[in-house]
Amino acid sequence: MDAILDIQHLSKRYGDHVAVDDLSFSVPRGSVFGLLGPNGAGKTTTIRMIMRIIASDSGIVLLDGEPVDDDRRRIIGYLPEERGLYKKMKVLEHLVYLGTIRGIRPGEAKKRAAAWLERFELDEWATNKVEDLSKGMQQKIQLIGTILHRPPLLILDEPFSGLDPINTRQIKDLLLNMAAEGVTIVLSTHMLPQVDELCTSICLINRARPILFGSLDEIRADYGGNTWRVRSDLDEAGLRALPGVTSVHPLRDELLVELDGGGSSHDLLRALIDRGNVETFTRFIPDLENIFIRAVEEDRAC
Amino acid sequence: MLNRIFAVIRREYLAHIRTKAFWISTLIVPILMGALMIIPAWLATRGAGEFTVAVLDLSGKFFDPVDAEIQQYLGGEDEPLSIILVEEDPGPDIAVTRERIKIRVKEKAFDGMLVLPSTLPDEGTPEYVAPNVAAFRLIEILERSVNNVMVADRLTGAGLDPDAVSELTRRVGLKTLKLGKGGEETRDRGQTFMLAYVFVMIIYMTVLMYGMYVMRGVLEEKSSHVVEVIISTVKPFELMLGKILGIGAVGLTQFLIWATLMAAISAPGMVSAMGMGDIELPTIPAQLLVFFVVYFVLGFLLYGTLYAAVGAAFDTEQEAQNFQFLVMIPLMIPLVLLFQIINQPDSTLSVVLSLIPFFTPMLMFLRMTLTEVPALQIGASLVLMIATILASAWIVGKIYRVGILMHGSKPKLKDLIRWVREA
């Protein structure tokens, strides 16, 4: 796998509190990567260590295969969770400033910023002070500031928090566009619907450690296991009586049928057809929320 | 790296120079300073002009000698003052005459009335009656002249030769001269003190004001949460440095505006064009101006870094108050020591105090306006200050780095020490 970002054995403690414990994962180039976890799991600390805002106690972060340093980190477009703008600055000037400290020439930064403002229909606000803007508008300005230097890698910490559905949609579309252009995006969030919609890979952190890591499709398949969604002439009891079936649960107007390890879908379907009509027969793909809760609970249990 | 620091400097500079506060302080200070420098000069010459004094000479013999004494005194001095004495006939009823003259004084026909009792010179006290008894120069001359005449009269009465008397009672004045660098002597009527005082106050105020700007700027970056966005590309130390340099540049801009205004005001003809008459403005040696800027810059860098640490450690100005005061104390101590230094600018105590880096900007500069400070001491003060600034920037940089990401808990001094150790 070609990893744009490779995190190896990252640890950080504050006094007795372990914020991140031996965390390793890598972000495939071109992926939309979800860094997930409950509040306080260590997501923000991890990202801050990637961005070298705080120093790690141990471990390394490789960016394009080489350790990240103060110069190389600038190719990353970083939107922190604790974000803000200088309230008294004018919108366009502020964007030019954000571009300039990321190494773009002021003239070029101004051109790009103006184009983005137009795209977000904020161009009439260009000479207003930041404090005149609504919260949603300010958040868009922040995102523009993050992508102004055309970063090949974006790290966004809770980018949708505080946004209304329309702005969320707008930013989601923008991110999907950028992903289509080949930009790698790391999203840290606990809002799972967005992850479901955007991410191709995830790393789930709980209690400072990674408990789930990989491509979303694989994880789903793993957690779905050998489970099938069935609607047929058989009722729960009838299904349970079939060979190889370990459990049956209702799920809306279907029944979830779990097979034991060796049981094949082929045998199950044949048994169903032998006993009557089959309306639906599909592999069960668990939604992310279920996986998330299950993984966290299993982690707590051990 | 330089590009980024420059971008930060530029942002800070523009952010502060566009505030109303900057322009208000830029305009108000020269007005206050001008008032401080012009008013004493103006007061000194306020007595200037012509005074007409009615003299009620009840003795009948002292008008001429007093008049002669006054005119002789005025003629001998480069005094911008002239006094005309008008003898009034006491008339049959002195009380009535007195009232009559008083009315004329009220009508401004006279500036005042001098009453010489008939019992002079042996007893009795001459009186000066006027609506404005604060014309101190006039009163001083009247008092001295009357006194001289009385002394001379008594001596003559005691049998001395009048010529010998006038020779013996000749007044000796005290002329104050300031010894300059090249050994030149210049007339000084207190302008040096005034100048020193004004400049030291400006250093105090500007270092304090711009130090507070640094602290507020850091607090603002923390409270608006913009700081993390910035330090993901700019190193915290670079951000701190850029902020301090940018705000310092605002201070220097302010000085430049002040200097331009001052130059315009003190341009020949300007003062008299303003109707101030012939006022003697203190001249400021160029060398002193250079050191003024140097000591402001060093003082600001030292206190600016300290204020940056205070800003980084706290969330709000209220929380920062105690520590802010702690930083202010060393800045205020020189104000208390001001008169000590002015009286003895070359004493060992003064030298030592002026070499303490926290006091140097004000006290060393103060000494330079008062006395010839040896180059070695100036050099030592600069080296000590720069070393202290570097040390404080190094320590503060660590507090800053940790502090700007801290929210919520109000740190104590031991927390700050821990930050320095851990960072």
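The values are calculated or read from the model by the stated rules, or taken from the named source; none is laboratory data. Computed from a prediction, not measured in an experiment: that's the story for all the values here. Please note: Cβ atoms are built from the backbone with ideal geometry, for glycine as well, and neighbour counts cover all protein chains shown.
Take A:LEU133 and tell me if it is in the same structural domain as A:GLN170 (by TED's automatic domain parsing), touching a helix residue (DSSP H, G or I) at 6+ places or on another chain (Cβ under 9 Å) and surrounded by 20 or more Cβ atoms within 10 Å (Cβ to Cβ).
On the way: in the same structural domain as A:GLN170 (by TED's automatic domain parsing): yes; touching a helix residue (DSSP H, G or I) at 6+ places or on another chain (Cβ under 9 Å): yes; surrounded by 20 or more Cβ atoms within 10 Å (Cβ to Cβ): no.
Taking the combined requirement at face value, the residue does not satisfy it.
From the list A:GLN194, A:GLN170, A:GLN142, the lone residue that is within 19 Å of A:ILE50 (Cβ to Cβ) and either touching a residue at least 24 places away in the same chain (Cβ under 8 Å) or over 16 Å from the mean Cα position of the chain (by Cα) (or both) is A:GLN142.
The combined condition, being modelled with pLDDT of 90 or more and away from chain A (no Cβ under 14 Å), is fulfilled by B:LEU208.
The residues listed here are B:VAL115, B:VAL29; of these, the one that is modelled with pLDDT of 80 or more and not polar (S, T, N, Q) is B:VAL115.
The single condition from (1) part of a helix (DSSP H, G or I); (2) buried (at least 21 other Cβ atoms within 10 Å of the Cβ) that B:PRO357 fails is (1). Among the conditions (1) assigned to a helix (DSSP H, G or I); (2) more than 9 Å from every other protein chain (Cβ to nearest Cβ); (3) over 28 Å from the mean Cα position of the chain (by Cα), A:THR127 misses just one, which is (1).
Determine if the range A:16-27 includes at least one residue that is within 11 Å of chain B (Cβ to nearest Cβ) and part of a strand (DSSP E or B). So far as the range A:16-27 goes, no, none of its residues is within 11 Å of chain B (Cβ to nearest Cβ) and part of a strand (DSSP E or B).
If I ask for residues that are outside any helix (DSSP H, G or I) and closer than 24 Å to A:THR184 by Cα, which ones from the range A:130-150 would you list? Result: A:LEU148, A:HIS149, A:ARG150. Evaluated against (1) farther than 30 Å from B:GLU143 by Cβ; (2) at pLDDT below 80, B:GLY75 falls short on exactly one condition, (1).
You will find that of B:LEU301, B:LEU337, the residue that is in the same structural domain as B:LEU382 (by TED's automatic domain parsing) and buried (at least 21 other Cβ atoms within 10 Å of the Cβ) is B:LEU301 and no other.
In this structure, does B:ILE329 turn out to be closer than 23 Å to B:MET209 by Cα and surrounded by fewer than 21 Cβ atoms within 10 Å (Cβ to Cβ)? Criteria met by B:ILE329. Residues in the range A:123-146 that are aliphatic (A, V, I, L, M) and touching a Phe, Trp or Tyr at 6+ places or on another chain (Cβ under 8 Å) were compared, and the one that is farthest from B:ARG10 (Cα to Cα) is A:MET137. Filtering the range B:367-411 to residues that are of a type in the set (D, E, K, R) and in contact (Cβ under 8 Å) with a residue 60 or more places away in the chain leaves B:GLU372, B:ARG401, B:LYS410. Inclusion of B:PHE339 among residues that are farther than 20 Å from B:VAL294 by Cα and in a helix (DSSP H, G or I) is warranted.
Among the residues of the range A:153-160, is any surrounded by 18 or more Cβ atoms within 10 Å (Cβ to Cβ), free of Cβ contacts under 8 Å to residues at least 40 places away in the same chain and on the phi < 0 side of the Ramachandran plot? Within the range A:153-160, one or more residues are surrounded by 18 or more Cβ atoms within 10 Å (Cβ to Cβ), free of Cβ contacts under 8 Å to residues at least 40 places away in the same chain and on the phi < 0 side of the Ramachandran plot. Being modelled with pLDDT of 70 or more, closer than 30 Å to B:LEU337 by Cβ and of a type in the set (Phe, Trp, Tyr) is a condition met by no residue of the range B:226-238.
Filtering the range A:46-78 to residues that are β-branched (Val, Ile, Thr) and closer than 15 Å to A:PRO151 by Cβ leaves A:ILE47, A:ILE50, A:VAL68, A:ILE75, A:ILE76. Residues in the range A:80-93 that are in contact (Cβ under 8 Å) with a residue 40 or more places away in the chain and either more than 9 Å from every other protein chain (Cβ to nearest Cβ) or in contact with an Asp or Glu (Cβ under 6 Å, 6 or more places away or on another chain) (or both): A:PRO80, A:GLU81, A:LYS87, A:LYS90, A:VAL91.
For the range B:390-423, the set of residues classified as surrounded by fewer than 21 Cβ atoms within 10 Å (Cβ to Cβ) and within 26 Å of B:PHE291 (Cα to Cα) consists of B:LEU390, B:ALA391, B:SER392, B:TRP394, listed by residue number. For A:GLU118, the test of being farther than 21 Å from B:ARG11 by Cβ, more than 14 Å from every other protein chain (Cβ to nearest Cβ) and among the acidic types (Asp, Glu) is passed. Restricting attention to the range A:165-187, the residues being part of a helix (DSSP H, G or I) and of a type in the set (Val, Ile, Thr) number 3.
From the residues in the range A:94-108 that are closer than 18 Å to A:LYS129 by Cα and touching a residue at least 40 places away in the same chain (Cβ under 8 Å), which one is farthest from the other protein chains (Cβ to nearest Cβ)? Can you show your working first?
The first filter runs over the range A:94-108 and keeps only residues closer than 18 Å to A:LYS129 by Cα, leaving A:94-99.
From what's left, touching a residue at least 40 places away in the same chain (Cβ under 8 Å): A:94-95, A:98-99.
On the way: A:HIS94: 9, A:LEU95: 12, A:LEU98: 7, A:GLY99: 9 Å.
Once the filter is applied, the top-ranked residue is A:LEU95.
Listed by first and then second residue, the pairs with beta-carbon distance under 7 Å, at least 6 apart or on different chains, first residue in the range B:1-28 and at the interface with another protein chain (Cβ under 8 Å from one of its Cβ atoms) and buried (at least 19 other Cβ atoms within 10 Å of the Cβ), second of a type in the set (D, E, K, R) and part of a helix (DSSP H, G or I), are B:ARG4/B:GLU238; B:VAL8/B:GLU238; B:VAL8/B:LYS243. Of the residues screened, A:ARG73 is one that is at the interface with chain B (Cβ under 8 Å from one of its Cβ atoms) and farther than 27 Å from B:ARG216 by Cα.
Any chance the range A:33-52 includes a residue that's more than 10 Å from every other protein chain (Cβ to nearest Cβ), of a type in the set (Lys, Arg), surrounded by 15 or more Cβ atoms within 10 Å (Cβ to Cβ) and within 25 Å of the chain's Cα centre (by Cα)? Yes, because at least one residue in the range A:33-52 is more than 10 Å from every other protein chain (Cβ to nearest Cβ), of a type in the set (Lys, Arg), surrounded by 15 or more Cβ atoms within 10 Å (Cβ to Cβ) and within 25 Å of the chain's Cα centre (by Cα).
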